[in-house]
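Written below as structure tokens is the structure these notes are about.
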Amino acid sequence: MAKDIVLATDGSAYSLQAARYIAQSGLLPDGGVVRILHVMAALPARVSRYVDDAAVQSWYDEESAKVLDPTADVLRQAGVPYATESRIGFAPQEITHYADEVDAHMIVMGAHGRGVLLDAVIGSVAGRVLAMTRRPVLLIQQTGDEPA
């Protein structure tokens, strides 16, 4: 039985709120791990061709740490088991593939809550994940009375 939760994070206050929700809700089954995932778009070829591979990888690592560390801190302080992962690619696709790889119980994401019309026009990562996965997806929206 799948027990792990994939928490997709972009480093926003919405993602941190999703981490706090997991930490406080008892959502994680016993024996499960929260798998914090950050997905970055690849650097354009015109940039990466002028920089060596080690420098590019170092940049990816530093940028991922800026996003993963605060989210991991929320779970660490609450005593929730977690693991971190970063990927490079198209976020909705990478999130759904990673959830399949680890046989996740569910995917949790912070929702920006811009509204249906704006999301229909510009799209959203959460909306695309919902369309691409067979796994349950829980969207956590930050309300005005919660701390960022």
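The values are calculated or read from the model by the stated rules, or taken from the named source; none is laboratory data. What you see is a predicted model, and the numbers here were worked out from it, not measured in a lab. Here Cβ is always computed from backbone atoms with ideal geometry, including for glycine, and neighbour counts include all displayed protein chains. Only protein heavy atoms, including side chains, enter the accessible area calculation; ligands, DNA and RNA are left aside. Shrake-Rupley method; radii C 1.70, N 1.55, O 1.52, S 1.80 Å.
Residues in region 24-33 that are in a helix (DSSP H, G or I) and without any contact (Cβ under 8 Å) to a residue 12 or more places away in the chain: Ser25 only. From the residues in region 81-97 that are among the hydrophobic types (A, V, I, L, M, F, W, C) and closer than 23 Å to Gly31 by Cβ, which one is least open to solvent (accessible area, probe 1.4 Å)? That would be Ile95.
Scanning region 38-56 for residues that are within 28 Å of Val108 (Cβ to Cβ) and open to solvent by 60 Å² or more (accessible area, probe 1.4 Å) yields Ala41, Ala42. Tallying residues that are farther than 21 Å from Ala65 by Cβ and not acidic (Asp, Glu) within region 23-48 yields 11. Within region 9-22, if we keep just the residues that are open to solvent by 30 Å² or more (accessible area, probe 1.4 Å) and part of a helix (DSSP H, G or I), the residue that is nearest to Thr71 (Cα to Cα) turns out to be Leu16. A count restricted to region 48-70 and to residues that are under 16 Å from Gly89 (Cα atoms) and either among the charged types (D, E, K, R) or more than 12 Å from the chain's Cα centre (by Cα) (or both) stands at 7.
Screening Val6 against (1) in contact with a His (Cβ under 8 Å, 6 or more places away or on another chain); (2) open to solvent by less than 20 Å² (accessible area, probe 1.4 Å) leaves a single unmet condition, (1).
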